[in-house]
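Taking it in order: structure first as structure tokens, then the write-up.
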Amino acid sequence: MPVPRFKSLFTASVLPNAQRLGCGAMWSRLRTILPSPNCLPPRWCSGFVSRMRYMNRLKEDDTACLSALHNGQIFLFHHLSPLLQCTQRGTLRPAALATSDVQSVLERLGSDGSLVKKSVLVSCLEQNQAQFCLDVGELDQVSVEEACEGKFLDLRKSLFLLTTAEAPILAKGQALLRWHQTSRFCSATGQLTHRNQAGSQRACSSNGIIYYPKMSPVVIVLVSDGRRCLLGRQPAFPLGMYSALAGFCDMGESLEEALCREVAEEVGLELQSITYSSSQHWPFPHSSLMLGCHATVSPAHTQLQVDHAELENARWFSLEEITSALKLQTPPQRGDSPALWLPPKQAVAHRLITEWTKQQLLKDTDQNQRPGSC
Ligand SMILES: NC(=O)C1=CN([C@@H]2O[C@H](COP(=O)(O)OP(=O)(O)OC[C@H]3O[C@@H](n4cnc5c(N)ncnc54)[C@H](O)[C@@H]3O)[C@@H](O)[C@H]2O)C=CC1
Ligand SMILES: [Mg+2]
């Protein structure tokens, strides 16, 4: 049961006294917890080990990867926007097309057969059927859409709309495709680099230096004062949207140091305790590994000093405001009275907010059940 488990671990990390602590004392109280089971990859189902080892082999063996590509599936992109199809139930899903079908569409549209080889390996289904992503930006967008009965949609919009488990594959595929598009030259020699068949690395054609896809570590934290949680709003966010505070790690920083610095910089608060929740790959603006945490501040020190160069606004939200916002189905439109709109379900920020909400609701239930409470 993820909720009670989260609850016990979370409360274990909250400091018993609401006293302000220096960094030394705080570090000694930091705790790291495992993410709740539903955040773990599905490794309990049979075949996980064999699939992971198969994927690893495909990254090392170009011939095996090419053969896997011929028998695999491809998610198409057009200038980094994924191809989506409409299901019979009217929902959207990423178009996973058989490689042979993609090959015939490309040939019909006048492309030579070599384009398919530019696919990058992203995942593997049961029975070791490999999945790839391919950008067909050099072809006419509408012709590909018609031939594949789908639409290319901006990835950010796609992630808001998709509910399928394939959304992270699109995020990973886009990040990998973008990395290849922007890493064509060796930064040491200026010579062309060439990729392996899986697309998991590139090597300089002159001196053999190997480059791997880059990710930036980003910390994201939901700060609580025990009663309320703190959310911030950047000017570029959609109307009404507030999210957990986030920031890129500086070179040399630990997760905890980055969290404390970001919160101090953006809202002028000092953290008391930090609890790790879960992480997520996030393709924007380039490719980030989001490290999601909960943190507390002393209820006696909650006065915000918002850095308006970074945030348009930041404020404390009550449990009632958050539970109402979690129920909203459609985003506020211009002209509506400003309602709080939360990040999409696929975002780690959403997970942090729902975890905090469950935690607060359990706390309220516990308090109401205590002897003497009315
Ligand atoms: N998945 C989720 O739930 C959420 C994800 N995010 C992501 O977190 C990221 C970081 O949040 P911000 O508040 O924007 O970060 P931030 O508070 O560190 O500010 C961004 C600034 O940091 C600088 N910077 C330092 N290192 C950088 C790097 N490696 N790449 C790009 N800029 C760098 C740039 O000047 C940039 O303008 C955002 O790009 C956003 O996409 C943010 C909120 C929710
Ligand atoms: Mg920030």
On the basis of being under 17 Å from Thr302 (Cβ atoms) and either among the aliphatic types (A, V, I, L, M) or within 12 Å of ligand 2 (Cβ to nearest atom) (or both), does Val223 make the cut?
yes
Flag for Gln303 being more than 16 Å from ligand 1 (Cβ to nearest atom), open to solvent by 70 Å² or more (accessible area, probe 1.4 Å) and either among the aromatic types (Phe, Trp, Tyr) or under 26 Å from Glu262 (Cβ atoms) (or both)
yes
May I ask you to list the residues in segment 100-116 that are in a helix (DSSP H, G or I) and either surrounded by 19 or more Cβ atoms within 10 Å (Cβ to Cβ) or among the aliphatic types (A, V, I, L, M) (or both)?
Val102, Val105, Leu106, Leu115, Val116
Taking segment 237-275 only, how many residues are among the polar types (S, T, N, Q), away from ligand 2 (no atom under 16 Å from the Cβ) and under 24 Å from Asn313 (Cβ atoms)?
1
Check whether at least one residue in segment 276-283 is within 16 Å of ligand 2 (Cβ to nearest atom), closer than 30 Å to Ser81 by Cβ, hydrophobic (A, V, I, L, M, F, W, C) and touching a helix residue (DSSP H, G or I) at 6+ places or on another chain (Cβ under 9 Å), and report yes or no.
yes
For segment 36-50, indicate whether the set of residues that are open to solvent by less than 30 Å² (accessible area, probe 1.4 Å) and at pLDDT below 50 is non-empty.
yes
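To keep it simple, each residue is scored yes or no on (1) open to solvent by 80 Å² or more (accessible area, probe 1.4 Å); (2) β-branched (Val, Ile, Thr); (3) more than 15 Å from ligand 1 (Cβ to nearest atom).
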{"residue": "Ser254", "(1), (2), (3)": "no, no, yes"}
{"residue": "Thr275", "(1), (2), (3)": "no, yes, yes"}
{"residue": "Phe284", "(1), (2), (3)": "no, no, no"}
{"residue": "Leu291", "(1), (2), (3)": "no, no, no"}
{"residue": "Ser298", "(1), (2), (3)": "no, no, yes"}
{"residue": "Asp307", "(1), (2), (3)": "no, no, no"}
{"residue": "Glu312", "(1), (2), (3)": "yes, no, no"}
{"residue": "Trp316", "(1), (2), (3)": "no, no, yes"}
Just to check your reading of the model, which residue among Ser119, Ser104, Ser114 is under 16 Å from Leu69 (Cβ atoms), in contact (Cβ under 8 Å) with a residue 60 or more places away in the chain and not aliphatic (A, V, I, L, M)?
Ser119
Of these, Leu84, Leu134, Leu177, which one is surrounded by 13 or more Cβ atoms within 10 Å (Cβ to Cβ) and more than 21 Å from Ala198 (Cβ to Cβ)?
Leu84
Ser119 meets each of (1) at negative phi; (2) open to solvent by 50 Å² or more (accessible area, probe 1.4 Å) with one exception, condition (2)
Checking the condition within 14 Å of ligand 1 (Cβ to nearest atom), open to solvent by 20 Å² or more (accessible area, probe 1.4 Å) and over 30 Å from Glu257 (Cβ atoms), which residue from Pro168, Pro217, Pro238 passes?
Pro238
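Yes/no matrix, rows are residues, columns are (1) touching a strand residue (DSSP E or B) at 6+ places or on another chain (Cβ under 9 Å); (2) over 22 Å from Pro343 (Cβ atoms):
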site: Glu149; (1), (2): yes, yes
site: Phe152; (1), (2): yes, yes
site: Leu161; (1), (2): yes, no
site: Ala165; (1), (2): no, no
site: Ala171; (1), (2): yes, no
site: Gln174; (1), (2): yes, no
site: Leu177; (1), (2): yes, yes
site: Cys186; (1), (2): yes, yes
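The values are calculated or read from the model by the stated rules, or taken from the named source; none is laboratory data. Quick caveat: nothing in here was measured; it's all calculated off a predicted structure. Virtual Cβ from ideal backbone geometry, glycine too; neighbours counted across all protein chains shown. Side chains included, ligands, DNA and RNA excluded: accessible areas come from the protein's heavy atoms. Shrake-Rupley method; radii C 1.70, N 1.55, O 1.52, S 1.80 Å.
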